[in-house]
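Please read the structure below before turning to the comments.
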Amino acid sequence: MELIDNLTLGFQTALTLQNLLYCFTGVLLGTLIGVLPGLGAVPTIAMLLPITYALTPVSALIMLAGIYYGAQYGGSTTSILVNLPGESSSIVTCLDGYQMARNGRAGAALAVCAIGSFFAGTIATMIVAGFAPPLTELAMTFGPAEYFSLMVLGLISAVVLAHGSLIKAVGMIVLGLLLGMVGMDVNSGVARFAFGITELYDGINLVPLAMGLFAFSEILANLEHGAKREVFTSKVSGFWLSRQEVREAAPAIVRGTLLGSGLGLLPGGGAVLGSFAAYTVEKKLSRTPERFGRGAIAGVAGPESANNAGAMTSFIPMLTLGIPPNAVMALMVGAMTIHNIQPGPQVMTRNPELFWGLVASMYIGNVMLLILNLPLIQIWIKLLLVPYRLLYPAILMFCAIGVYSVQNNTIDVLLTIPLGILGYVFLKLGCEPAPLMLGFILGPMMEENLRRTLLLSMGDPSIFFTRPLSAVLLVLAAALVVAVTLPAISRKRETVFVEED
Amino acid sequence: MSIKNLKDFYTGLLFMLCGGGFMWGALRYDLGTAARMGAGYFPLILGGILSLLGVVVFLRSLVIGAPDSAIGRIAIVPMVMMFGAIAAFAVLLRGAGLVVSILAIILISSLASRESRLKETLISAVVLCTASVLLFVYALNLQIPVWPFFIRR
């Protein structure tokens with residue numbers, strides 16, 4: 001049994017004292033930032049990237065991954081107790097979770113989140129372990145033409161699945177691709193779009209970009225709205241579910257897990273999409289849909305399982321194909337490149353302990369999260385009482401130190417200012433920054449693969465359609481674009497994401 | 001003629017500006033041919049696509065409206081304080097060290113919110129200073145000067 005051998009290797013790697021410690025640090029930090037509204041996984045991972053220089057690649061990835069799925073756990077706590085999503089993936093949890101808390105069932109809501117997430121994490125870990133090897137074998141047969149087409153498909157589906165204006169999202173991707181061009185061109189040695197600034201010859205650094213676009217604009221937006229919070233101060237107790245609640249929650253957890261796992265696999269997927277889809281499904285399937293929005297436990301169980309499952313399976317495209325499906329995975333690719341690991345199908349064969357260690361750590365991380373979240377809930381509640389006026393200067397400070405420590409370079413810190421202003425402009429104009437991040441990471445890879453393809457075909461672009469696999473991928477991308485522009489589907493798309501605004 | 005969607009109007013302009021800028025820049029590099037691409041080839045194509053998208057978004061904003069197309073208030077004061085705080089941190093760090101830089105970034109950025117109170121901010125600044133020095137300098141061993149240059153050994 002190869003799978004068992006692999007998993008054994010994985011657990012051997014993940015269960016070393018050092019890796020257990022980093023896994024714990026990751027999920028603890030993840031829960032922390034998940035609980036705190038206004039600080040998401042993207043800026044946190046960006047902030048910690050420089051610190052991972054000193055670690056082994058396995059430990060670094062284990063910790064960063066823990067932050068991502070830990071944040072999904074923590075985000076639900078804030079949703080339930082404060083009616084304010086700690087993470088964008090727990091927006092729908094507010095709808096019924098907060099109502100449950102008002103009905104005196106806060107404990108049950110928190111418990112069902114933890115159990116649902118744990119179940120989802122367990123299943124999703126198995127899916128990652130089972131799905132990744134065959135996908136890797138497929139990816140091994142890919143040439144540059146297939147890679148280019150795959151990236152096109154990935155980018156297109158990322159915007160199709162995102163909410164908001166399709167054409168603006170495509171524009172943001174292209175802008176991201178262009179920003180990825182800044183710096184030394186590997187083939188000709190020309191420093192492109194660097195304006196003679198030596199620090200830009202290596203390209204725009206990922207960390208200041210993520211900080212500027214995600215962290216700073218978020219703080220400005222919160223200051224503008226005046227982040228008002230009302231913490232549910234009554235003591236949280238009664239974690240045990242009633243028999244009726246178990247009967248309603250159990251099938252929702254299973255459905256949410258499957259749905260979330262499936263959607264997490266798609267490019268552009270991840271935690272957010274799964275939670276919205278699961279809520280819609282639960283409401284449709286329920287015999288008492290009128291209870292949704294008034295504290296239906298299925299409305300908490302489904303989405304919370306789905307977002308955790310989605311967060312975990314979204315590692316598959318990144319690990320097997322080297323193509324990040326969302327902004328967090330884009331940062332993970334950045335983390336791997338820091339350690340000189342080229343993400344892609346060769347990771348599994350060249351660094352098996354990295355791949356399987358990461359998979360095993362996800363399972364261990366989920367056990368830790370279960371322990372962290374239920375008994376320690378009172379501590380997280382206390383944390384919610386810290387007012388935003390004290391929180392945001394601290395966030396800013398950690399960001400500044402984080403950016404500086406990437407290359408011990410104050411230019412990078414100054415670079416966050418124009419990027420932060422750009423992020424604020426995007427926020428004001430309703431342009432999502434996540435597609436830009438994807439484009440930014442994929443830009444150089446896309447150019448390289450396009451170059452290689454056309455070099456092999458002597459400049460004939462029809463090669464993209466004569467190679468069958470590449471043609472299939474491009475046709476899929478085109479079909480997706482056509483599909484979302486059809487009026488019936490575009491209306492549906494709006495209703496799915498309507499709660500997000 | 002009136003603008004129906006202000007957000008898209010400016011987005012269109014922004015895309016056109018960026019796309020055009022990158023195209024203009026790309027033309028100054030070697031373009032090469034499709035089979036042997038130069039440094040300017042791919043950016044030129046992308047710049048063209050972005051400008052085109054910009055034109056579409058721009059024209060659409062003149063025809064189709066949207067319910068939430070207003071830009072809203074622009075947070076000038078918070079923005080100036082926040083980015084000023086970051087600039088101060090960046091400028092001070094090398095010479096004045098981590099402690100002074102942290103005090104600067106916390107105090108200046110606290111001015112971005114009207115709810116901030118000086119006493120509270122000062123306490124949190126001291127706590128954060130201590131925590132950061134312990135965490136970043138002693139625990140994580142990052143190469144950051146702690147004290148101003150004149151009292152460094």
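The values are calculated or read from the model by the stated rules, or taken from the named source; none is laboratory data. What you are looking at is a predicted structure, and each value in this text was computed from that prediction instead of being measured. All Cβ positions, glycine included, derive from the backbone under ideal geometry; neighbour counts span all protein chains shown.
Considering only residues that are modelled with pLDDT under 85 and among the aliphatic types (A, V, I, L, M), which ones fall in region B:19-33? The answer is B:LEU31, and nothing else. For first residues located in region A:422-446 and over 18 Å from A:ILE204 (Cα atoms), partners that are polar (S, T, N, Q) and lie 6+ apart or on another chain with Cβ distances below 8 Å form the pairs A:TYR424/A:SER217; A:PHE426/A:SER217; A:LEU427/A:SER217; A:LEU429/B:THR11; A:GLY430/A:SER165; A:GLY430/B:THR11; A:CYS431/B:THR11.
I'm trying to understand the selection: among the residues of region A:408-418, which are more than 7 Å from chain B (Cβ to nearest Cβ) and buried (at least 20 other Cβ atoms within 10 Å of the Cβ)? Once the filter is applied, which keeps residues that are more than 7 Å from chain B (Cβ to nearest Cβ) and buried (at least 20 other Cβ atoms within 10 Å of the Cβ), region A:408-418 yields A:ASP412, A:LEU415.
Conditions (1) crowded, with 20+ Cβ neighbours inside 10 Å; (2) under 23 Å from A:ALA221 (Cβ atoms), marked per residue:
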position: A:LEU9; (1), (2): no, no
position: A:GLY26; (1), (2): yes, no
position: A:VAL35; (1), (2): yes, yes
position: A:ILE45; (1), (2): yes, yes
position: A:LEU49; (1), (2): yes, no
position: A:TYR73; (1), (2): yes, no
position: A:SER89; (1), (2): yes, yes
position: A:ARG102; (1), (2): no, no
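Can you name the residue in region A:421-470 that is acidic (Asp, Glu) and within 29 Å of A:VAL328 (Cα to Cα) and, of all such residues, is surrounded by the most Cβ atoms within 10 Å (Cβ to Cβ)? Taking the candidates together, the pick is A:GLU447. The number of residues in region A:1-57 that are outside any helix (DSSP H, G or I) and of a type outside the set (Ser, Thr, Tyr) comes to 9.
Could you please let me know if B:ILE71 is touching a Leu at 6+ places or on another chain (Cβ under 6 Å), facing another protein chain (nearest Cβ under 7 Å) and closer than 26 Å to A:LEU166 by Cα? It is true that B:ILE71 is touching a Leu at 6+ places or on another chain (Cβ under 6 Å), facing another protein chain (nearest Cβ under 7 Å) and closer than 26 Å to A:LEU166 by Cα.
Applying the condition of being more than 7 Å from every other protein chain (Cβ to nearest Cβ) and in a helix (DSSP H, G or I) to region B:39-53 and asking which residue is nearest to the chain's Cα centre (by Cα) yields B:SER51. Within region B:125-153, residues that are among the hydroxyl-bearing types (Ser, Thr, Tyr) have Cβ atoms under 7 Å from residues that are at pLDDT below 80 and in a helix (DSSP H, G or I) in no pair, counting only partners at least 6 apart in sequence or on another chain.
Just one of the listed residues (A:SER286, A:SER314, A:SER305) is touching a Ser or Thr at 6+ places or on another chain (Cβ under 6 Å) and among the small types (Gly, Ala, Ser), namely A:SER305. The residues in region A:185-216 that are at pLDDT 80 or above and over 30 Å from A:TYR392 (Cβ atoms) can be counted, and the count is 2. Give the residues of region B:98-153 that are more than 17 Å from B:ALA85 (Cα to Cα), at pLDDT below 85 and of a type in the set (S, T, N, Q), sorted by residue number. B:ASN141, B:GLN143, listed by residue number.
Does A:ALA41 satisfy the condition of being small (Gly, Ala, Ser) and without any contact (Cβ under 8 Å) to a residue 12 or more places away in the chain? Against the criterion (small (Gly, Ala, Ser) and without any contact (Cβ under 8 Å) to a residue 12 or more places away in the chain), A:ALA41 does not qualify. Restricting region B:80-99 to residues that are at the interface with chain A (Cβ under 7 Å from one of its Cβ atoms) and free of Cβ contacts under 8 Å to residues at least 24 places away in the same chain leaves a set whose member that is surrounded by the fewest Cβ atoms within 10 Å (Cβ to Cβ) is B:ALA87. Filtered by the rule that a residue be more than 28 Å from B:SER69 (Cα to Cα) and charged (D, E, K, R), region B:1-58 gives B:ARG28, B:ASP30, B:ARG36. Those residues that are aliphatic (A, V, I, L, M) and either on the phi > 0 side of the Ramachandran plot or surrounded by fewer than 20 Cβ atoms within 10 Å (Cβ to Cβ) (or both), I need them from region B:57-74; list them, please. If the condition is that a residue be aliphatic (A, V, I, L, M) and either on the phi > 0 side of the Ramachandran plot or surrounded by fewer than 20 Cβ atoms within 10 Å (Cβ to Cβ) (or both), then B:LEU59, B:LEU62, B:VAL63, B:ILE64, B:ALA66, B:ALA70, B:ILE71, B:ILE74 are the ones that fit. Filtered by the rule that a residue be part of a helix (DSSP H, G or I) and more than 16 Å from A:THR320 (Cβ to Cβ), region A:130-156 gives A:PRO144, A:ALA145, A:PHE148, A:SER149, A:VAL152, A:LEU155, A:ILE156.
Scanning region B:22-38 for residues that are facing chain A (nearest Cβ under 9 Å) and within 27 Å of the chain's Cα centre (by Cα) yields a count of 3. What are the residues in region B:126-153 that are away from every other protein chain (no Cβ under 12 Å) and among the aromatic types (Phe, Trp, Tyr), if any? Correct list: B:TYR138, B:TRP147, B:PHE149, B:PHE150. Taking (1) among the aromatic types (Phe, Trp, Tyr); (2) under 30 Å from A:GLY295 (Cβ atoms); (3) at pLDDT 85 or above in turn, A:TYR98 satisfies each apart from (3).
Just the residues that are of a type in the set (Gly, Ala, Ser) and surrounded by fewer than 23 Cβ atoms within 10 Å (Cβ to Cβ), please, taken from region A:335-365.
Selection gives A:GLY344 alone.
A quick yes/no check of all residues on (1) modelled with pLDDT under 85; (2) surrounded by 24 or more Cβ atoms within 10 Å (Cβ to Cβ); (3) under 16 Å from A:ALA330 (Cα atoms); (4) not hydrophobic (A, V, I, L, M, F, W, C):
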site	(1), (2), (3), (4)
A:GLU137	yes, no, no, yes
A:PRO144	no, no, no, yes
A:PHE148	no, yes, no, no
A:LEU155	yes, yes, yes, no
A:SER165	yes, no, no, yes
A:ILE173	no, yes, yes, no
A:GLY176	no, yes, yes, yes
A:LEU179	no, no, yes, no
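Test A:GLY176 against the stated conditions and say whether it is touching a Lys or Arg at 6+ places or on another chain (Cβ under 9 Å) and more than 9 Å from chain B (Cβ to nearest Cβ). Considered against the rule, which asks whether it is touching a Lys or Arg at 6+ places or on another chain (Cβ under 9 Å) and more than 9 Å from chain B (Cβ to nearest Cβ), A:GLY176 comes out as no. Any residue in region A:425-439 that is over 25 Å from A:ASN326 (Cβ atoms), at pLDDT 85 or above and more than 9 Å from chain B (Cβ to nearest Cβ)? The answer is no; no qualifying residue exists. Could you list, in sequence order, all residues of region A:279-307 that are closer than 22 Å to A:GLY74 by Cβ and either among the hydroxyl-bearing types (Ser, Thr, Tyr) or surrounded by fewer than 18 Cβ atoms within 10 Å (Cβ to Cβ) (or both)? Within region A:279-307, A:TYR279, A:SER305 qualify.
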